[in-house]
C-alpha cells in the first residue's frame, strides 16, 4: 500500500467528514427557528456521554474478569502435567484432574463470558466477528478437555485455555482489531504450522512412514516439500477465515494471504527440521514454547513496549516481517517495506528448507535405519 495512496485516502476521508459536518450545520440552521436545534444538540451530547460511560463500564468489567482469571490461572498452571514436566516437578493428589477441571470451568464461564455473549450477539445479527472467533477457540478447547477429563483418550488443554482467556481479556476492548487480528494471524499460520507439522511427524514415525523413507532415501526431499506446501495452503485458508470473520472486510486481503503463505512455509520448514530430533509432543514442548515467545516479541517491539536499541535484532525474526503484511488492512505500509519484508521471508524460507533437509535426513531418516 503506497504512502501516496494512503495520503490521498486520508484527504478523501477528511473531505467526506467536512461535507458531512457542513450538512449537519445546515440542518441545525434550518431547524433553529423551530426551537429544535438545542434539543438535538443536547440529545447528541447525551448519547456521547452514555456511550463513553458504557465503554468505561465495559473496560472495568474486562479488568475485573482479567484479575480473577489470572489468579485462577496460577493453580491451573501448577496442576497441569505438561507444565510440571517442563519445570521439573511433580504435584499429584487424588482428584487433581477434577480440581483442574473446576478451576478451568470457572475461568471459561466467568472470564470467557464477554466473548460467549459477544458471539451470541454477533450471530443474532448475522455478523460474526472477532468475538465469535475467540468464543469458538475457547469453547473447542474447553469442550475437548472436559471430554478427556471424563473418559475419552487424549490430553487436556486447560492451561492453554486459561492463558488464552487472560490474554484476550487484557487486550480487549481498546481498539482491538488492529492488534488482535495480526496476533491471530501469526499464531494460526506460523505457530500452529510449527506445532502441527511436529505432531504429524511424530505420528508418522510411529506408523512407519518415516521408516519407509529410510529405505528409499531419494523420496524424503519430496516428502518435505509436499508437507510444507499442503500445510501452507491449509494455513492460508485459515488466515482468510480469520480476516473474514475478524474484520468482515476484504481490504488488504491479498497482502495478508501472501504474508501468511510465506510465513507458514518458514515455520513449517523450521518445525520439520527441529521436530526430527524428538520422539513425542512432550519433548517438543520446549521448542514450541521458545519459538512462540520469540515470535510474539516483535508485537511488543512494534507497539513500543520494547524500546531499547538491542531489541532491533527482532527485525530479523520472520514473524516481524509477516507482521507488516498483516497490518496492511489497518495502517498504511509502504511498498518498499512490503518488498523488503517479502524478500526477507523468501530468504528465511530458503534457509529453513536447507535446515530442514539436513536435520530431517540426519535425525529422522538416518536415525531410523
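The values are calculated or read from the model by the stated rules, or taken from the named source; none is laboratory data. These figures come from a predicted structure and were not determined experimentally. Note: ideal-geometry Cβ built from the backbone for every residue, glycine included; neighbour counts use all protein chains shown.
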Kindly indicate which of 354, 315, 278, 324 is touching a residue at least 60 places away in the same chain (Cβ under 8 Å) and part of a helix (DSSP H, G or I). 324
Quick check on residue 289: is it under 20 Å from residue 328 (Cα atoms) and either out of contact with any strand residue (DSSP E or B) (no Cβ under 7 Å at 6 or more places or on another chain) or assigned by TED's automatic domain parsing to the domain that holds residue 195 (or both)? no
Unique match (being closer than 30 Å to residue 322 by Cα, free of Cβ contacts under 8 Å to residues at least 12 places away in the same chain and either buried (at least 20 other Cβ atoms within 10 Å of the Cβ) or not assigned by TED's automatic domain parsing to the domain that holds residue 280 (or both)) among 134, 167: 167
In the stretch 206-220, which residues are modelled with pLDDT under 75 and either within 27 Å of the chain's Cα centre (by Cα) or within 25 Å of residue 288 (Cα to Cα) (or both)? 207, 208, 209, 210, 211, 220
Assigned by TED's automatic domain parsing to the domain that holds residue 82, in a helix (DSSP H, G or I), under 19 Å from the mean Cα position of the chain (by Cα) and buried (at least 22 other Cβ atoms within 10 Å of the Cβ) - does that describe any residue in the stretch 143-156? no
Go through the residues of the stretch 77-98 one by one and say whether even a single one is surrounded by 12 or more Cβ atoms within 10 Å (Cβ to Cβ), modelled with pLDDT of 90 or more and in a helix (DSSP H, G or I). no
Of the residues that make up the stretch 58-76, is at least one more than 28 Å from the chain's Cα centre (by Cα), modelled with pLDDT of 90 or more and part of a helix (DSSP H, G or I)? no
Name the one entry in 264, 295, 249 that is part of a loop (DSSP other than H, G, I, E, B) and within 22 Å of residue 137 (Cα to Cα). 249
Only one of 133, 123 that is assigned to a helix (DSSP H, G or I) and within 12 Å of the chain's Cα centre (by Cα): 133
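Residues are listed down the side, and each one gets a yes or a no for (1) buried (at least 16 other Cβ atoms within 10 Å of the Cβ); (2) modelled with pLDDT under 85; (3) over 22 Å from residue 131 (Cβ atoms):
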| position | (1), (2), (3) |
| --- | --- |
| 161 | yes, no, no |
| 173 | no, yes, no |
| 177 | no, yes, no |
| 181 | yes, yes, no |
| 192 | yes, yes, no |
Scanning the stretch 330-351 residue by residue, those surrounded by 14 or more Cβ atoms within 10 Å (Cβ to Cβ) and touching a residue at least 40 places away in the same chain (Cβ under 8 Å) turn out to be 330, 332, 333, 334, 338, 341, 342, 345, 346, 348, 349
Looking at residue 188 and the list (1) modelled with pLDDT of 85 or more; (2) within 29 Å of residue 256 (Cα to Cα), which single condition is not satisfied? (1)
Check 298, 287 and return the single one that is surrounded by 14 or more Cβ atoms within 10 Å (Cβ to Cβ) and farther than 29 Å from residue 254 by Cβ. 287
Kindly evaluate residue 27 against the criterion of being assigned to a helix (DSSP H, G or I) and either under 23 Å from the mean Cα position of the chain (by Cα) or modelled with pLDDT of 75 or more (or both). no
Run down 201, 242 and say which single residue is in the same structural domain as residue 179 (by TED's automatic domain parsing), under 19 Å from residue 358 (Cβ atoms) and surrounded by 15 or more Cβ atoms within 10 Å (Cβ to Cβ). 201
